[in-house]
Every structure is written in C-alpha cells, then in structure tokens.
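Chemist: Handing you this structure, nothing more for now.
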Amino acid sequence: MLERACLGLLPRKHHTVLRDEQGRLCYEHCLTRQGFEGPYTILYQRSLPPRDAGRRPSALPPDPPPAPGVEPLRRRHLRAGLLAQGGDFLQARHVLLQNSDVAIAVCRPDSAAPRYLLNGDGDELYFVHEGHLRLESLLGPLELAPGDYALIPRGVLYRLVPAGPAMLFLVEARSYLEIPRSFRNAAGQLRMDAPYCHRDVRRPRELPQPGEPLPEGGYLIIVKRGGRYHEVVRNEDPFDVLGWDGAVYPLALSIHDYQAKVGRVHLPPTTFTTFAGGGLVVCSFVPRPLDYDPEAVPCPYPHSSVHCDEVIFYVSGTFTSRRGIGPGSISHHPSGLPHGPQPGAYEASIGRRHTEELAVMVDTFQPLVPTVEAAAIEDLTYHDSWAAPAPGERA
C-alpha cells in the first residue's frame, strides 16, 4: 500500500504461465483491496492456496462481549500491565475497546506456536511497546523492535515469533487502514513535507522461509471472521511462494523516525496523524520542541471533540496533561465529555520548551465500547480525578 515492489520469480505478464525449477505450473494468488479496484499483489505459489485438507473448531475464544452495565460517559484509565502474559500472539491478545470500525487490543506473547493467522475482519496495526519479534508473512519476514509499527493488510497470512516476553498495542481496523492520501503527491510518492519518507518504511526484502508444520503434520491456519476464529489445516506449505509483485504487503515504520511538526502555539492532535482509515486515525506523539510563542500554553487545551472518542497508549516520558499515568497505560475519553488536562496541568505547562513524551493515539468516529477484559483492568479512580476540589483543597 506504499509503492509497487517485487521479489523472486515472475512471468513476463500477469495471468501467464510460470513454472518452477521442476517444470511444474505455479498458481497465481491475487491479494486485492476494494474488490478489484484498489491496490493489489500477485503471488506465485507451488500449491493451490484454497486447497484445504480439513477444518476443525478453534479453541480460541471470540472477541469479548461488552462489559455489562457499561457507563458510556466515563473517562477511563486501563492498566494494560495487569493483563496476563503468556502464549503465542493469538492466545495473548486482549480486546479492550471496540466498535464497528475498529478493535483496540493489547497483545502480551512470550512464545510461538506453529500456526498462522489470516484476519478477514480487518487490517492490523501493531505497535511494539516491549520486546523483539519476527513477523513471518506470506510476503516475507520483517524484524520488529520496540517503537516499531507493523501494518499487516487484511487477508495476509502471518504469525509473530517473539524472542521473549513482549507487549504490543494492537489496532484492528475493521474498515481499512493506510498511509494517509494527503501524504502523497500526484505520482503516489510520499511528499517532502510528509512526516516520514520512503526510506523510513521497511518492507519484506526476502521471500518467506518454509512454514512450520504441526507436530502431527499439516499446517494450521487460523481464519478470523466476524469476531470468531476458525481453523483450517493444509497439507501443503502455505509459504511456498516463488515470487510476488504488487503494492499490498506488510510494512514497518519506527515511531522514532516520525518527524513531528512544531508550531508557534499548540497544534491540534491531527497534526501528528501517522495512519488513517475508515472511521479512525492513528497519531504519534514523539519527543519534540514545544510551541515557541513566549506566551504559549503547551499543554493540550480543553476541547469538546463531539464526533471522536480518544484513546492514548502511553509509551514513555512525562505526560503533561495527565497524572497517575505511566508506560503501558491506556486512556479512553469518550465523545460527549470535554477532553483536556487534569486540574493543575494546564497552568504548570506554561514556560516548558520541550517534551519527551512518546505515545500512540487512536481517534474513532463511532463510540467505543469497553469489553469485559477492559473492566477487569480499569482504574476506577481516574474519572473522578477531574472532580472539583472540596472547599479548602488545592486543585
């Protein structure tokens, strides 16, 4: 979804014969978006991709239901560090907030299993908070480190292999997610004033290695659709790719390469947009100089963003607008309530010239509903931290 790329063996034209080293006919496998109107990639595989050897029920639970009796107009602080660590990237994912456009989750894997995911519900964006991982996909591998985003298009077969315990913030865009079109010029190239350039974005540079089969034989593929997981077993390696050509593939970008803009006075959050989709945007808040007007108030101003829910995943640094927040915290501020700094933070920010905060923000245009997993890790004192002080108390 960035630019055309190609790897491996390819025939001269689309939809023409390609044979492998033994003279066997290879199969085209087309990954398309927006039907056949959007970006696409054509892979060439030795085996027929849809040829399943069997199906069976999955033990993975579906996406969790809403928390019972959820209060919609409540500012929330979710302590993601309390979520259980363990298992592979599927066992260790915890969906916390969701609507029809997006699911927001935290994933805390510490091991790998010989199975692969094909997500039919949406594009996936991981942000690596802790740990090192290898993304193994149908298009080839990518190495991921703390601070990396990894964008995986819907329908791309992959798995995550952690080198040890890891923690990832996950956005499942049930509509779509892409590099914002406003970042591109008429030729599709990233503009010179975009916050990152082609050199910052990493894509697979080698073909996938053979997939890892199940101990009893066959290859296990988990298909996610409608919030539920289904298991398909193939008796042929799904990673038997000889080559591919197109613009649909996983990509990685380090948040540390994001070039933030600086203004005379406080800039709105959308200035820090990194990815955009249907019903959502993802923004990166990174260390940077603050506003340079001598009378500027650097702290975010109170605002009633009546069409957006705001979610922030806090990575590191000092967050001027919040107290009681630390790395791994997630805040959720619903539309309908004014957003803004906690008492005392607005005034205390005056005169500051630099920020070291690092955070990922997701704004959604449909209300987000907390799940039962979110309710289990909510800091119930957070909403009341905006309360007016009692007589005689300081704000």
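Just so it is clear, none of the values below were taken in a lab; they were calculated from the coordinates. All values derive from a computational prediction rather than experimental measurement. Every residue, glycine among them, receives a Cβ derived from its backbone with ideal geometry; neighbour counts consider all protein chains shown.
Chemist: Return a whole-number percent for the relative contact order of the stretch 256-384, with Cα pairs under 8 Å and 6 or more residues apart as the contact set.
Modeler: On the way: 247 pairs, mean separation 39.6, N = 129.
Once normalised by length, the contact order is 31 percent.
Chemist: How far apart, in nm, are two points set 7 Å out from the Cα along the Cα-to-Cβ line at S304 and at A59?
Modeler: Here the modelled spin labels are 5.2 nm apart.
Chemist: What FRET efficiency would be calculated for the residue pair Y27, Y292, taking the C-beta separation as r and a Förster radius of 35 Å, to the nearest 0.05? Provide the component values of the computation, followed by the final result.
Modeler: Details: r = 58 Å, r/R0 = 1.67.
Efficiency, rounded to the nearest 0.05: 0.05.
Chemist: By the gyration tensor of its Cα atoms, with a ≥ b ≥ c the square roots of the eigenvalues, what is the shape of the stretch 1-64: rounded for a/c under 1.5, prolate for a/b over b/c, or oblate? Show your work: numbers first, answer last.
Modeler: Working: a/c = 2.76, a/b = 1.38, b/c = 2.00.
Since a/c reaches 1.5 but b/c is at least a/b, the shape of the stretch 1-64 is classed as oblate.
Chemist: Grab the DSSP H runs of the chain that are 4 residues or longer, score each as -39,500 (n - 2.57), total them, divide by all residues and round the 222 nm result to the nearest 500 deg cm²/dmol. Intermediate results must be reported in sequence, preceding the final value.
Modeler: Values: 2 runs with 8 residues, N = 395.
Helix-only estimate at 222 nm: -500 deg cm²/dmol.
Chemist: Between R4 and H256, how many nm apart are label points set 7 Å from Cα along the C-beta direction?
Modeler: The two pseudo-label positions are separated by 3.5 nm.
Chemist: Determine the dipole magnitude for the stretch 256-384: charges of +1 sit on the beta-carbon of Lys and Arg, -1 on that of Asp and Glu, nothing else is charged, the reference point is the Cα centre, and the result goes in debye to the nearest 20.
Modeler: Numbers: 7 positive and 14 negative charges, 71 e Å.
Dipole of the stretch 256-384, to the nearest 20 debye: 340 debye.
Chemist: Okay, moving on. If I stretch the segment between R51 and D379 completely, what's the gain in nm (0.36 nm per residue apart, minus their alpha carbon distance), one decimal? Present the calculation step by step, with values, prior to reporting the outcome.
Modeler: On the way: separation 328, 0.36 × 328 = 118.08 nm, distance 4.80 nm.
Between R51 and D379, full extension yields 113.3 nm more.
Chemist: R0 = 35 Å: FRET efficiency of Q209 with R184, Cβ-based, nearest 0.05? Spell out each step's value before the answer.
Modeler: Numbers: r = 33 Å, r/R0 = 0.94.
That gives a FRET efficiency of 0.60.
Chemist: Let me check against my output: what whole-number percent is the relative contact order of the chain, with C-alpha pairs under 8 Å and at least 6 apart? Don't skip to the answer; put the middle values down first.
Modeler: Values: 987 pairs, mean separation 85.4, N = 395.
Over the chain, the number comes to 22 percent.
Chemist: Let me ask you something else. Taking only Cα atoms and a 10 Å spring cutoff, compute GNM fluctuations for the chain and point out the largest among P49, P367, P334.
Modeler: P49
Chemist: While we're on this one: So how much slack lies between R352 and H14, counting 0.36 nm per residue of separation and subtracting their Cα-Cα distance, in nm? Spell out each step's value before the answer.
Modeler: Working: separation 338, 0.36 × 338 = 121.68 nm, distance 5.74 nm.
This chain segment gains 115.9 nm when fully extended.
Chemist: Report the calculated FRET efficiency for R79 and S111 (r = Cβ-Cβ distance, R0 = 22 Å), to the nearest 0.05. Before the final figure, lay out each step's value.
Modeler: Values: r = 24 Å, r/R0 = 1.07.
For R79 and S111, the calculated efficiency is 0.40.
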